[in-house]
Amino acid sequence: MDLGTVIGIVLSFGLVLAAILVGSPLGIFISVPSLLIVVGGTIGASLVNYPMGHVVGVVGVIKKTFFSTLESPQDIIDKFMDFANRARREGILSLEPALKSIEDDFLRKGLQLTVDGLEPQVIQEILETEIQYLENRHETGAEILKIFADFAPAMGMIGTVIGLVQMLQTMSDPSTIGPAMAVALLTTLYGAILANLVFTPMSGKLKTRSKEEVLLREMVMEGIISISKGENPKIIEEKLNSFLPPKIRKITD
């Protein structure tokens, strides 16, 4: 669970809610028609902009902003030190029994290619293609949330215009003007809240997650290629540590 995402959402919504409750009851800020216009309009416009599968898949994308399953860089380095030492003592084929216990598909695939005897250049090309398509998928997910952030305020404005038109139709009754205006403005409020407190921050978090995952994939690729070349474990450790900030590097004796 990503505590930063949870705390951020609770804090932002909590402060907005507190500001509302200080000056008025919460009920006057609830409008089902306004919510339907903003949420329904945003989803509908997104379906026009992207294939349905991409929009439906955004639920899984949003989950990644709350849950991080990335392995720590130091754990990856420790794994490769074990693989490198084993390969140096017993040969590359000694890594084959370990493949079944590796949960990371990318790491398992890279080691399998190494055990199969492919040239380091070929392994690098295959893994670089995997990383490129990973980046493309992540970029699409972040783009969809950014599109949501663009459409939500626009739908809010449309809802406000609809409400104003309906209000002008009842101008003969002054008592209806205030409540009608309030409902009209709620759609703008809903659009602004969804865009600035939900969709835009989540899009930014996904971009950060993508960079972190790509960095780990590049570390794994570097380790696999180094093992396939038969490099010294100490050199492999130095190469992998170069991906990390100096203050968190750990060099074994």
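The values are calculated or read from the model by the stated rules, or taken from the named source; none is laboratory data. Predicted model, so just to flag it, every value in this text is computed and none were measured. Every residue, glycine as well, gets a Cβ built from its backbone with ideal geometry; the counts of neighbours run over all protein chains shown. Side chains are part of the model used for accessible areas, which takes the heavy atoms of the whole protein and leaves out ligands, DNA and RNA. Shrake-Rupley method; radii C 1.70, N 1.55, O 1.52, S 1.80 Å.
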Take the alpha-carbon positions of region 1-75, form their convex hull, and give its projected area averaged over all directions (one quarter of the hull surface) in nm². 7.6
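In the structure displayed, which of LYS146/LYS229; LYS207/LYS234; LYS63/LYS234; LYS207/LYS239 lie more than 31 Å apart, Cα to Cα? Each step should come with its number before you reach the end.
On the way: LYS146/LYS229 43 Å; LYS207/LYS234 33 Å; LYS63/LYS234 38 Å; LYS207/LYS239 25 Å.
From the list (LYS146/LYS229; LYS207/LYS234; LYS63/LYS234; LYS207/LYS239), the Cα-Cα distance tops 31 Å for LYS146/LYS229; LYS207/LYS234; LYS63/LYS234.
What fraction of the Cα pairs in the chain, stated in percent, has a spacing above 29 angstrom? All intermediate terms of the calculation are to be shown ahead of the outcome.
On the way: 15988 of 31878 pairs.
For the chain, the fraction of Cα-Cα distances above 29 Å is 50 percent.
When ranked by the protection proxy of mean other Cβ atoms within 10 Å per residue, highest first, what sequence do the peptides 21-33, 158-170 form? It would help to have the intermediate numbers written out before the result.
Details: 21-33: 10.5, 158-170: 15.6.
Those peptides, ordered most packed to least, come out 158-170, 21-33.
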Distance from the Cα centre of region 1-51 to that of region 92-132, in angstrom? 45
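Suppose every K and R has +1 on its Cβ and every D and E has -1 on its Cβ; what is the size of the dipole of the chain about the Cα centre, in Debye to the nearest 20? Can you show the working numbers first?
Working: 22 positive and 28 negative charges, 101 e Å.
Result for the chain is approximately 480 debye, rounded to the nearest 20.
Quick one, can you get me the convex hull of the C-alpha atoms of region 112-253 expressed as volume per residue in Å³?
Details: hull volume 17.6 nm³, N = 142.
Per residue, the Cα convex hull of region 112-253 comes to 124 Å³.
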In whole Hz and in residue order, list the ³J(HN,Hα) couplings for region 81-90 that follow from phi through the Karplus curve 6.51 cos²θ - 1.76 cosθ + 1.60, θ = phi - 60°; x for Gly and Pro. 5, 5, 4, 5, 5, 5, 5, 5, 7, 10
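Quick check for you: with a 1.4 Å probe and neighbouring chains kept, what is the accessible area per residue of the chain, in Å²?
Details: 14240 Å² over 253 residues.
Here the residues of the chain average 56 Å² of exposed surface.
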What is the percent carbon and sulfur in the accessible area of the chain, measuring with a 1.4 Å probe over the protein chains and ignoring ligands? 65
I'd like to know which of LEU185, LEU206, SER172 lies farthest towards the positive end of the charge dipole of region 116-253, counting +1 on Cβ of Lys and Arg and -1 on Cβ of Asp and Glu. SER172
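Using a Förster radius of 35 Å, what is the FRET efficiency between ILE177 and ILE43 based on their Cβ-Cβ separation? Nearest 0.05, please. Display every interim value, and only then the final one.
Values: r = 31 Å, r/R0 = 0.90.
Computed FRET efficiency for ILE177 and ILE43: 0.65.
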